[in-house]
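Worksheet: one structure, shown below.
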Amino acid sequence: MIKKLMTIAVPVLALVGGALGGDMLRGSGAKDDTHAEAGAEDGAEVAVAKPDHTMGEPAWFRFPTQFFVPLVRQGDMRDMMILTLTLQTDAETLPKLAKKEHALRDALLRQLMIHANTGGFDGNFTADRNLAALRESLAAAARAATDLPVSAVLIEDIARHSG
C-alpha cells in the first residue's frame, strides 16, 4: 500500500517542488541583455534579444513549465529527469511558435521519453557529446512538429531527482 502511495506522491511532490523552485529561480535571475514579455495566452515566456548584426533578430521561446521525464528500470520508477527547455527562432516567428506550444511540448516530451528509455540519461548524461546528441534530437523533433523555423534547442536546466 505504501509503495503504491509513494509511486503517486513522489512525482506529484517533484512537480510541485520543481514548479516552485523554477518560479523562485526565474524571479531571482538577472536579466542582462534580454527582455521578457508575455507572448502566449497560457503564460509562456518569450524573450527577444538585442539584435545581433550577424543573425538578424534572434528570439527564444521558453516553455512556461519544466519537462518531467520518468526513468523506469525493470518496471520501477526510481528517478525522474527535470529539464527546462527553450527554442531558438527568429523574432517574427515567436508569436506563431507560442501558439504551437502544445504540439511542440508533446513532440519534445516524446523524444525525451525515447532518450530515457534507450539509456540516454544513464551514466554521465551531462558529458558534452551526450548533451549535444540530446539537443540535436530535440531540435529534430521540434522541426518535425512544426513548419516554423527552430534553429536550436537550449537546455537551460537539467537535473535528476532520485526517489
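The values are calculated or read from the model by the stated rules, or taken from the named source; none is laboratory data. For clarity, every value in this text was computed on a predicted model and none was experimentally measured. Cβ coordinates were reconstructed from backbone atoms using ideal geometry, including for glycine residues, and neighbour counts include every protein chain displayed. For accessibility, only protein heavy atoms count, side chains too; no ligands or nucleic acids. Shrake-Rupley method; radii C 1.70, N 1.55, O 1.52, S 1.80 Å.
Let me know the shape class of region 58-108, please: from the alpha-carbon gyration tensor, a ≥ b ≥ c as square roots of the eigenvalues, rounded when a/c is under 1.5, otherwise prolate if a/b is greater than b/c, or oblate.
Taking the square roots of the gyration eigenvalues as a ≥ b ≥ c, region 58-108 is prolate.
Using the per-residue mean of other Cβ atoms lying within 10 Å as a proxy for protection, in what order, highest first, do the peptides 122-129, 140-147 fall?
So the order, starting with the most tightly packed, is 140-147, 122-129.
Got a sec? What order do His102, His115 fall in by accessible area at 1.4 Å, biggest, i.e. largest, first?
Putting His102, His115 in descending order of accessible area: His102, His115.
Could you state the accessible area per residue of region 55-146 in Å², with a 1.4 Å probe and every protein chain left in place?
Using a 1.4 Å probe on heavy atoms only, each residue of region 55-146 averages 49 Å².
Report the Rg/Rh value for region 48-149, based on alpha-carbon coordinates and the Kirkwood definition of Rh.
Expressed as Rg/Rh, it is 1.02.
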